[in-house]
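A quick write-up on the structure given underneath.
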Amino acid sequence: MSGTIHVLNGSGVDTGALGATVRRLHEVFHAAVELHPFQPDLTRVFDPSRSQYHSSGVLKQMLDDLSAHGNPADKLIGLVDVDLFIPVLTFVYGEAQLKGRCAVVSTFRLRNELYGLPPNERIFRDRIEKECVHEVGHTYGLVHCRDTECVMRSSTYVEEIDLKGSLMCPACDEKRRGLMSD
Amino acid sequence: MTNTPSILVVDDEKVVRDSLTKWFLQDGYDVESADSGAEALKRLQVRKRDLILLDIKMPGMDGMELQQRVKEIDSGATIIFITAHATIDSAVQALKQGAFDYVTKPVDPDYLSHVVANALRQRTLAIENERMRDSITSASRAEEIVGESPQMKKLFELIDTVAKTDTTVMIRGESGTGKELVARAIHANSNRRFFPVVPVNCGGLAEGLLESELFGHERGAFTGAHYRRKGKLELADGGTLFLDEVGNISAKTQMDLLRVLETKQFTRVGGNDVLRTDFRVVCATNSDLEQAVKQGTFREDLYYRLNVFSIVLPPLRERRSDIPLLANYFVKKYALQMNKAVTGLAPDAMEQVVQYSWPGNVRELENAIERAMVLGTPPMLKASDLPFQMTNERGRIRTGTLADIERAYVTEVLERNRWNISRSAEELDIDRVTLYHKIDKYGLKKPS
Ligand SMILES: [Zn+2]
Ligand SMILES: [Zn+2]
């Protein structure tokens, strides 16, 4: 049994806009997907010197709050709308526990407006979808892939997210099947 | 994968060690960390690493001293220093003593990936190549270029030949003939296939936006640009840049583009850094560039730079024998996507599809089939499921026996080509002898 993927929406993006993400997670991981509201205490992970939020702190909160109940095979993916960082890096789009239970994705840098471009809801939703599939992939133990169209390819700029697809390449999908049946 | 590059992270700060270790693990590297110089040396004595990241400032043995000791164990060790802003001077000193590079905390993730990739490439080019070969199983995925007509067979040969070179390619053809698919096929069969193919639609964007799209921009380059944007030229590094509707580029951008193609260098909008990039150009157009050059709206020098090897895609009406193949291909595709047990087209529907002139080419055919798949019911699509446009004007329905239809159609093509036998045969996709047979069979006569 592969468990359920819980999408915890603390991003302010309305539920309707996350439909494609939920469907895609289901399609890629063949797992049940549930959408829940999420209100992490972000003040606890705010770093005033950087005006950003520590993503590992968000993950820790998710674990503390939620791992007490639920199937241990379940995965939790939190969506937030604040700018995330880990200490050595200037920012991250998200963070996942490799072969763990939790992942977090920030919608903050996924909006076109931030780059001085006209808003584009479709592109914004696509980016959320890809980043969620990518981070959940890490929680199942998948690492980055070199295939230019694979969702597990690493993206350090939003433009790179746009270039890749939202599905796994055959090699990653094969690995995923192996990892999920362990 | 035994060839996974190995990395050792040495830092006294746990949070730095942990987050870097995690970052590299997710990137697929074999990574371990050490919290002091002494610990690092112990680990290196057991096993050498491809790359070592050292914090320059640590209690006890600092990074500089550790660098000397590491070199005693492994003289070829590749070392990258991690510094805070305050210690950049010592980092520069470290470079003089043979470090590969340094990064300043907090580091831009893109920069870190590049520095690490460059360091590894320099050290073990072979291993890196191996890794890339390992992780990509099917480089040239079957794309949606469908056809068995002589024109298409020739096209496949051309793609194959040109893919193996690094030549600039210009793809000509009416809209909807699948120019982007051809560009992707060239890329997928080239040595650049492990890097992205980056499409840019030059027709759809205002001048300023196209500039930012191509060259990227720096933070604050214009109002609202809160973050740096990576342009398509940078994204295409190592891969293929596909310039679609290249005939629509403004005069200024034509000049900028020409400069990049000549020098392989550019700067981001609002930036000063000169960036190097290495990509192959494949471009496409359905406009008459030669005419545009004559009229002075398209630069002649850019034209010659782009038009090195040209591939012309035939319109669908000139390869009718491929239509049934394509129609069935799209039926299969949408049956799968819509989960509908449709297996093909009923004879009357197929006849209409083959007869229609398809001014919008393969794309129009695909749209028509997709629409019919929504309306139709299994197991076969009927003529009435097809979009109504087919029943008027150019694609008027012909009724009667197959022989009647063939007779009418051959007559139409002959008339259109003023009874030029070679050209008509080509359009009908049959040889001249067969055409003479048909003229004979139906008793057709050239009007005098
Ligand atoms: Zn990742
Ligand atoms: Zn992959």
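The values are calculated or read from the model by the stated rules, or taken from the named source; none is laboratory data. Computed from a predicted model, the values in this text were never measured in an experiment. As a convention, Cβ positions derive from the backbone with ideal geometry for all residues, glycine included, and neighbour counts pool all protein chains shown.
Tabulated data for the structure shown
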quantity: B:Lys252 surrounded by fewer than 23 Cβ atoms within 10 Å (Cβ to Cβ), touching a residue at least 40 places away in the same chain (Cβ under 8 Å) and more than 9 Å from chain A (Cβ to nearest Cβ); calculated: yes
quantity: Options B:Ile430, B:Ile439, B:Ile405, B:Ile421; residue that is surrounded by 12 or more Cβ atoms within 10 Å (Cβ to Cβ), modelled with pLDDT of 85 or more and within 44 Å of the chain's Cα centre (by Cα); calculated: B:Ile421
quantity: Complete set of residues in segment A:120-145 that are touching a Lys or Arg at 6+ places or on another chain (Cβ under 7 Å) and more than 15 Å from A:Met180 (Cα to Cα); calculated: A:Phe124, A:Glu129, A:Lys130, A:His144, A:Cys145
quantity: Some residue of segment B:7-24 being more than 14 Å from every other protein chain (Cβ to nearest Cβ), touching a helix residue (DSSP H, G or I) at 6+ places or on another chain (Cβ under 7 Å) and free of Cβ contacts under 8 Å to residues at least 60 places away in the same chain; calculated: yes
quantity: Odd one out for A:Cys150, checked against (1) out of contact with any Asp or Glu (no Cβ under 6 Å at 6 or more places or on another chain); (2) within 13 Å of ligand 1 (Cβ to nearest atom); (3) touching a residue at least 60 places away in the same chain (Cβ under 8 Å); calculated: (3)
quantity: Selected residue (criterion: surrounded by the most Cβ atoms within 10 Å (Cβ to Cβ)) from residues of segment A:126-136 that are touching a residue at least 60 places away in the same chain (Cβ under 8 Å) and either within 11 Å of ligand 1 (Cβ to nearest atom) or under 19 Å from B:Arg192 (Cα atoms) (or both); calculated: A:Val136
quantity: Search result, residues across segment A:14-29 that are touching a strand residue (DSSP E or B) at 6+ places or on another chain (Cβ under 7 Å) and over 14 Å from A:Val136 (Cα atoms); calculated: A:Thr15, A:Leu18
quantity: The lone exception for B:Asp101 - which of (1) within 14 Å of another protein chain (Cβ to nearest Cβ); (2) at pLDDT 85 or above it fails; calculated: (1)
quantity: Filter result for A:Ala103 (at the interface with another protein chain (Cβ under 9 Å from one of its Cβ atoms) and in contact (Cβ under 8 Å) with a residue 12 or more places away in the chain); calculated: no
quantity: So B:Gly239, is it touching a Phe, Trp or Tyr at 6+ places or on another chain (Cβ under 6 Å) and crowded, with 16+ Cβ neighbours inside 10 Å; calculated: yes
quantity: Single condition A:Val88 does not satisfy, out of (1) within 16 Å of ligand 2 (Cβ to nearest atom); (2) β-branched (Val, Ile, Thr); (3) within 21 Å of A:Val45 (Cβ to Cβ); calculated: (1)
quantity: In segment A:114-149, the residues that are in contact with a strand residue (DSSP E or B) (Cβ under 9 Å, 6 or more places away or on another chain) and either more than 15 Å from ligand 2 (Cβ to nearest atom) or within 8 Å of another protein chain (Cβ to nearest Cβ) (or both); calculated: A:Leu114, A:Tyr115, A:Gly116, A:Leu117, A:Ile128, A:Glu131, A:Cys132, A:His138, A:Thr139, A:Thr148
quantity: Residue within segment A:156-179 that is away from ligand 2 (no atom under 16 Å from the Cβ), free of Cβ contacts under 8 Å to residues at least 12 places away in the same chain, farther than 18 Å from B:Phe195 by Cα and more than 14 Å from the chain's Cα centre (by Cα) present; calculated: no
quantity: Hits in segment A:163-182 (condition: surrounded by fewer than 19 Cβ atoms within 10 Å (Cβ to Cβ) and either within 11 Å of ligand 1 (Cβ to nearest atom) or within 9 Å of chain B (Cβ to nearest Cβ) (or both)); calculated: A:Pro170, A:Ala171, A:Glu174
quantity: Subset of segment A:1-46 (residues that are among the aliphatic types (A, V, I, L, M), surrounded by fewer than 15 Cβ atoms within 10 Å (Cβ to Cβ) and without any contact (Cβ under 8 Å) to a residue 40 or more places away in the chain); calculated: A:Ala32
quantity: Residues within segment B:420-448 that are of a type in the set (Lys, Arg) and within 17 Å of B:Leu402 (Cβ to Cβ), tallied; calculated: 2
quantity: B:Tyr29 within 14 Å of chain A (Cβ to nearest Cβ), of a type outside the set (Lys, Arg) and either surrounded by 18 or more Cβ atoms within 10 Å (Cβ to Cβ) or more than 39 Å from the chain's Cα centre (by Cα) (or both); calculated: yes
quantity: Per-region count, segment B:222-248, residues of a type in the set (A, V, I, L, M) and at pLDDT below 90; calculated: 1
quantity: Subset tally (residues that are of a type outside the set (Val, Ile, Thr) and in a loop (DSSP other than H, G, I, E, B)) for segment B:283-308; calculated: 7
quantity: The one condition in (1) at positive phi; (2) part of a helix (DSSP H, G or I); (3) of a type outside the set (Val, Ile, Thr) that B:Gln254 fails to fulfil; calculated: (1)
quantity: Of the criteria (1) away from every other protein chain (no Cβ under 13 Å); (2) within 20 Å of B:His114 (Cα to Cα), which one A:Ile77 fails; calculated: (2)
quantity: Hey, B:Val200 away from every other protein chain (no Cβ under 12 Å), closer than 23 Å to B:Leu261 by Cα and crowded, with 18+ Cβ neighbours inside 10 Å or not; calculated: no
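Table: residues versus (1) free of Cβ contacts under 8 Å to residues at least 60 places away in the same chain; (2) farther than 19 Å from B:Leu20 by Cβ; (3) not aliphatic (A, V, I, L, M).
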{"site": "B:Ala34", "(1), (2), (3)": "yes, no, no"}
{"site": "B:Asp50", "(1), (2), (3)": "no, no, yes"}
{"site": "B:Ile56", "(1), (2), (3)": "yes, no, no"}
{"site": "B:Met64", "(1), (2), (3)": "yes, yes, no"}
{"site": "B:Val70", "(1), (2), (3)": "yes, no, no"}
{"site": "B:Asp74", "(1), (2), (3)": "yes, yes, yes"}
{"site": "B:Ala77", "(1), (2), (3)": "yes, no, no"}
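Rundown of residues vs (1) closer than 21 Å to B:Asn3 by Cα; (2) in the same structural domain as B:Gly238 (by TED's automatic domain parsing); (3) away from ligand 1 (no atom under 16 Å from the Cβ); (4) β-branched (Val, Ile, Thr), yes/no style:
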residue	(1), (2), (3), (4)
B:Asp27	yes, no, no, no
B:Ala40	no, no, yes, no
B:Leu53	yes, no, yes, no
B:Met58	no, no, yes, no
B:Ile79	yes, no, yes, yes
B:Lys105	no, no, yes, no
B:Asp110	no, no, no, no
B:Ser113	yes, no, no, no
B:Ala117	yes, no, no, no
